[in-house]
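Reading through the structure tokens given below for one structure.
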Amino acid sequence: MTELPKIATKRNQHQAMRIICLCLFSLIVALPAAAEPVCAARTEAAPALERLQGAMAEGRFIAYQPTDLKVWDGNPTRASEASIRDDLAALRPWFDGLITYGAHSGGELVPAIAKELGFRAVIIGVWDPADEAEVANALAAWAEAPEIVVGLSLGNEMVFGGRGTWTDYARAIKTFRKDAPDLPLTITEPFAIFLDEAEAASVLRELDFLAANIHPVFEPWFAEAPAFNRAEFVVKAGERLAAEAFCGPILVKETGIPTAPAEKGFSPDAQKDFYAELARQLAPSRLIAFAYFSAFDAPWRAYDETPVPGAHPEEAHWGLFTETRAPKPVLEAVPKL
């Protein structure tokens, strides 16, 4: 989980500082489409994709990493089954869909536990698609709960983070297609990467759905913008993806506002107002929906390595719940299911 580039796209850098004027999002809606969006339609994955689209339209997703799973100096701790069960029990009153980040260190246990607790959909994340053990874990988790696993996300911001290339994505997709032809596949990058990088098109053509990260907090106008414009940015960016990059289902995997530090303009109230406004502007549908990001605070992330140099204390505070699973004020604006 990393930051977006500071400017929405390379083509509109000169416009970005003008966003804080009355026409806050003109740069997104005014640019002509660069190309026709690409789209894959595979009959093998249709049943699971149908369940995914049903969960997008009728359920509520949240990005989730176990509270027990922490990474120190690149070494993950292992999350216990009991801790994962407690995590998911805390989430279940508000959420019935999960998006994970890895199938290792206990993350591979999530689908089976989620099934027991009545979740309707899980998108399994594979942090390193080149890791044969993690790939095997993901496929085994899918085989154990095929009725709840609705998709698999390969990597997370691998291109943006410098951990991989579009060729690596293509190779991973080919491998998974061979081993699991009826499992819907996606990848995750900041939305600007999908729009700006020419090599993205060949990979997008192979996907069944698109998972994109759209973070208004990393735009230069964020501090001066009200909740309406912060939410509208997510909506307009999603529209650009649909118009220019991908014509299938689009799930905004990451968007949100941390609850600290206050000196950066982050607060529990800002988080609550943003999600209330986003829910009003972006009604979930079978073609586009957003996931809440993320489930729990993770203090260790403040010290985690990111592609953007410098300290990032906000990374510790993305959760809708604290690290001890206490709900934050934002959940007052999210009706229980």
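The residues in the stretch 91-146 that are in contact with a His (Cβ under 7 Å, 6 or more places away or on another chain) and open to solvent by less than 10 Å² (accessible area, probe 1.4 Å) can be counted, and the count is 1.
Across the stretch 300-332, the number of residues qualifying as within 28 Å of G162 (Cα to Cα), open to solvent by less than 60 Å² (accessible area, probe 1.4 Å) and of a type in the set (A, V, I, L, M) comes to 3.
Quick one: in the stretch 237-262, of everything that is in contact with a His (Cβ under 7 Å, 6 or more places away or on another chain) and in a loop (DSSP other than H, G, I, E, B), which residue is farthest from E314 (Cα to Cα)? Only one residue fits best here, namely T255.
Restricting the search to the stretch 280-313, which residues are part of a helix (DSSP H, G or I) and within 17 Å of the chain's Cα centre (by Cα)? Step through it out loud before you land on a result.
Filtering the stretch 280-313 down to residues part of a helix (DSSP H, G or I) leaves 280-281, 299-303, 313.
Hit for the stretch 280-313 is R301, nothing else.
Filtering the stretch 263-275 to residues that are in contact with a helix residue (DSSP H, G or I) (Cβ under 7 Å, 6 or more places away or on another chain) and in a loop (DSSP other than H, G, I, E, B) leaves G265, F266.
Would you mind stating whether T43 is modelled with pLDDT of 85 or more and out of contact with any strand residue (DSSP E or B) (no Cβ under 7 Å at 6 or more places or on another chain)?
Considered against the rule, which asks whether it is modelled with pLDDT of 85 or more and out of contact with any strand residue (DSSP E or B) (no Cβ under 7 Å at 6 or more places or on another chain), T43 comes out as yes.
Per the conditions (1) at pLDDT below 95; (2) under 24 Å from K328 (Cβ atoms); (3) under 18 Å from the mean Cα position of the chain (by Cα), the sole criterion not satisfied by A8 is (2).
Residue pairs whose Cβ atoms lie under 6 Å apart, sitting 6 or more positions apart in sequence or on different chains, and linking a residue in the stretch 114-125 that is more than 17 Å from L154 (Cα to Cα) to a partner that is open to solvent by 10 Å² or more (accessible area, probe 1.4 Å) and modelled with pLDDT under 95, do not occur here.
From the list P335, P258, which residue is more than 17 Å from the chain's Cα centre (by Cα) and either surrounded by 17 or more Cβ atoms within 10 Å (Cβ to Cβ) or not hydrophobic (A, V, I, L, M, F, W, C) (or both)? Quick ask: steps written out before the conclusion?
Working: P258 fails: more than 17 Å from the chain's Cα centre (by Cα).
After ruling out the rest, the residue left standing is P335.
Checked against (1) within 27 Å of T255 (Cβ to Cβ); (2) open to solvent by 20 Å² or more (accessible area, probe 1.4 Å); (3) touching a strand residue (DSSP E or B) at 6+ places or on another chain (Cβ under 8 Å), D68 passes all but condition (3). Taking the condition part of a helix (DSSP H, G or I), surrounded by 15 or more Cβ atoms within 10 Å (Cβ to Cβ) and at pLDDT below 95, does R230 pass? The answer is no for R230.
The values are calculated or read from the model by the stated rules, or taken from the named source; none is laboratory data. Source: prediction; values computed, not measured. Every residue, glycine as well, gets a Cβ built from its backbone with ideal geometry; the counts of neighbours run over all protein chains shown. Only protein heavy atoms, including side chains, enter the accessible area calculation; ligands, DNA and RNA are left aside. Shrake-Rupley method; radii C 1.70, N 1.55, O 1.52, S 1.80 Å.
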